[in-house]
Structures are given as C-alpha cells and as structure tokens.
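Below is one structure, written out as structure tokens, with a few remarks after it.
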Amino acid sequence: MYNIREVNVFTLGDSSKISTWSNVPYFFTETLSSKGIKVNRVDISPSRILRKIYELLFWKLIKKIFPNSTYDYFRSYINYHETRHRIKKAVMKYKDSQINIFLTFSFSSLDLIGKPIVLFGDWTYDHYFDYFENREPGPFEKGAVLRENRQIENADLVFPLFPGVTEYMKDHYKNDKIFYLGNVINSLIHASEEIILEKKSNSYSLLFIGDIKYLEGAKSLIKAFDILKKKYCNLSLDIVGMTSKDFESLPSGVICHGFLNKGVEKERKEYYQLLENAKVFINTTPKWGAFSASIEAMYFYNPVIVTDYNEFIETFGNEIGFGIYCKDHSVESLCLAIENILHNKDYATLCSNAHFAVKDFTWNAYIDKMLKIMKILVE
C-alpha cells in the first residue's frame, strides 16, 4: 500500500519488551509489523560498562563543578561516538532496509548511509532546558544540544508526539518536514464501558501513576488524601510507579505498588484492575503530569485531575469536560477538586467524556498517518 517493505527501527532499549520507554517502542514496532512491514529492531541504549567508567571518571567531577548539570553518560560525546558506531554496524547489516527510523531525536544515521532518516520523539534536549529547566544549557550540555540539533535539521521527516513541542521545533529548526499526528494510548486491552462504569460507581479509590520524577505531585496528593480520609473513611489511594521507600511516611489507606511491568501477566492484571476500579486519576505535578499515563487512564473512563500544563491544554483545550485543572497547586484546591469528582452528579458523563476524548488515539491510526507521509521517501 505504501511501498514500504522493510525498515530499521532504532530504540533506546529493547523494543520487543513492553516495559521499554513507557511501552512506546513495543507498540511502534509491533504496529509496523502488523502491517506487513519487516522491522529490524536495533537497541542503541547506552553501554552499561562505558556508563560505569564515565560515572567513575567524569560524572562526579562534572556534578561538583556544575551541580545542576544533566550531562550524564547518555548525553556525553563518548556515548554519541559509541552509538554512532553501533548504528553504522546495523545499517551495514540490514542493507535492504528502505528507511532508518529513530525513536529519539539525539541520534541518527546522518552521514553513515544514504537512506532516508525519520525521527520520532517526545521533546528535544533544547526544549527541555527552555521549558522544564528554564535556563540556558551549560558548556558541556550545549555540545549535546548542538549534536542533537544537527540530527533534527538533517532528518528527512520528524514526528514529535506533542503539539506544543511541534510548534517549538518548527520555530527553532531549519527543517520544514516536522509533523504532529496526534498522540497514542499504550494499552494492551480493550476498555469495556458497561463493566468499568459499574465498578467505578461505588469506588472511593484515587489513582496516581508516575515514577520518582513526579514525587512533588505524589506528595501533594498524599497530603490531600490525609485530610479527606478523616471525612471519607472508605477513601483509598493507589500509587503506581513508586514504593513506600520513596516517602518519609504514609497515612493509612495509601498503597504503593511500585513499577508494574505490563510484560508480566500478574503485574499487567494488577495495573489494569487499578485503572478499571479507580474513581479518578490524579497527577498534579507542575509543568508535566505524566501525559501518557493520563490518557491511558482516560481511555479506561477515568476523570482526571491534572495541572494546566501546556501540552495537555494544547491537546484538549482550556476547558475539559472530563475532569478538573488544578491550577494553583495548593493542597486545599486539590481537596476541593477531589470532592467535586466524588460528589459529581454527572460522574458517569465525566467518565464517558474522558474515554471519548482519547478513543481515536490508537497506534493503528497513528502509524497509518505516519506511513502515508513516509511513502514519499520510497517513491
């Protein structure tokens, strides 16, 4: 259909494992394969041995001089050079591949072989400093930014996952082939409305999903839960992605499940049971509220309480009919938002609206849109 028969897909981790990078490489490569395309999976994750050496010889010194530096082994020139060597070996091995696809903006096959290059990712290193750090990159970091920028500007096609990042990249890079195609839900099972809404109708379970990066949002929710628990004795809080060791103390009713691997049947069942049984999904970490987890929760008919961060607003608008924007980040506001959901007379409508807002974010639809654009590279 698209004249694309074989591609190389380079990922930071094993793309055959669903646990890699929020499940994205797995769904990306599996969907391509389902369309009859031969996918050569190439893992370009950093060498553990070289990382250890780097950490012993350089990382501690860099952090001592530049305490806020993010110039870890992944961003180092050593890793860049070593990764390029592995990319070269892969493209020589898979000579019949028509396109080299990279699920990262940091690396590509630029100058290694004359095959088209496609980049797919969430945000750039440059955007990370502009949005999350709100600072200029340091001397070492700047070199990594420039290396990444060169990959982006010389790619044949670039597909960012978020609309705001797409506009940022269009403004900052000399590449007119940057496309936003929507987002994707990383779910292994189908959500059944009738069964799920029945479970949620009597639920008093709050659900938080996020690893240690979202600690601030988790702590805020725990404080709100501790206040509300005195009023609602049946209230419970499930935290996925962190363990009790990540907190100094936890009130009764808080259960930390740690990381749940969808590749392990028992953990997968537990994860989806939590999504189906939850009353509301909550992650109010400022600037970023676990977007992928949020939309997966929405797919399972969960209203959401999140902060009004840029990409969520760009995707769903300033007013949402499936939850609440918690704008001032206070515990008091979060308590009010939770009670609003618990007592909402139109709760079932909130649930249905949440699912409807993301139901078309399928991997099948996303890859079809990508392939429709990519076909110009092989014509």
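The values are calculated or read from the model by the stated rules, or taken from the named source; none is laboratory data. Everything quoted here is computed from the prediction, not taken from an experiment. Here the Cβ is made from the backbone with ideal geometry for all residues, glycine too, and neighbour counts use every protein chain on show. Each accessible area value is taken on the protein alone, full model and side chains, heavy atoms only, with ligands, DNA and RNA left out. Shrake-Rupley method; radii C 1.70, N 1.55, O 1.52, S 1.80 Å.
Can you give the angle from 0 to 90° between the axis of helix 77-93 and the longest principal axis of the chain, with both taken from C-alpha atoms, to the nearest 10? Tilt relative to the chain: about 70 degrees.
Annotation: average projected area of the stretch 213-340 is 7.8 square nanometres, based on the convex hull of Cα atoms across all directions. With R₀ set to 41 Å, the beta-carbon distance separating Leu61 from Asp346 gives a calculated FRET efficiency near 0.10. In straight-distance terms, cross-link reach from Lys88 covers every one of the lysines whose alpha-carbon lies under 16 Å from its own, apart from those fewer than eight places away in the same chain; here that gives Lys115.
Using a/c under 1.5 as the rounded threshold, could you call the stretch 175-262 rounded, prolate or oblate? The axes a ≥ b ≥ c are square roots of the C-alpha gyration tensor eigenvalues, and prolate needs a/b larger than b/c, oblate otherwise. It is oblate, given that a/c is not under 1.5 and a/b is not larger than b/c. When shorter helices are ignored and each DSSP H run of at least 4 residues is given -39500 (n - 2.57), the per-residue value for the chain at 222 nm works out to -12500 deg cm²/dmol. What is the helix-to-structure angle for 347-358, meaning the angle in degrees between its Cα long axis and the longest Cα principal axis of the chain, kept from 0 to 90 and rounded to the nearest 10? Relative to the chain, helix 347-358 is tipped by roughly 10 degrees. In order along the stretch 304-316, phi translates into HN-Hα couplings of 10, 10, 9, 7, 8, 7, 3, 5, 5, 5, 4, 7, 10 Hz, rounded to whole numbers, per the Karplus curve 6.51 cos²θ - 1.76 cosθ + 1.60 with θ = phi - 60° and x for Gly and Pro. Surface analysis of the chain yields an accessible area of 47 Å² per residue, using protein heavy atoms and a 1.4 Å probe. The H on the amide N of Ile209, modeled in the peptide plane, is under 5 Å from the matching H of Val240, Ile282, each at least 5 residues off or on a different chain. Only the Cβ atoms of Lys and Arg (+1) and of Asp and Glu (-1) were treated as charged; on that basis the dipole of the stretch 7-73 about its Cα centre amounts to roughly 180 debye. Histogrammed with a bin width of 10 Å, the alpha carbon distances of the chain distribute as 5, 22, 30, 25, 14, 4, 0 percent, first bin at zero.
With both labels modelled 7 Å from their Cα along Cα-to-Cβ, the Lys269 to Asp43 distance reads 2.8 nm. Averaging the Cα positions of each part gives two centres, and for the stretch 293-325 and the stretch 34-52 these lie 32 Å apart. Seen against the Cα atoms of the chain and their longest principal axis, helix 331-342 is set at about 70 degrees. Electrostatic bookkeeping for Phe10 treats Lys and Arg as +1 and Asp and Glu as -1; over the other residues with beta carbon under 10 Å from its beta carbon, the sum is +1. Protein heavy-atom surface of the chain, 1.4 angstrom probe: 51% of the accessible area is carbon and sulfur, with nucleic acids and ligands not counted. Taking 22 Å as the straight-line reach from the Cα of Lys230, the lysines in range (excluding those fewer than 8 positions away in the same chain) are Lys200, Lys219, Lys279. Between the alpha-carbon centres of the stretch 78-155 and the stretch 177-240 there is a gap of 34 Å.
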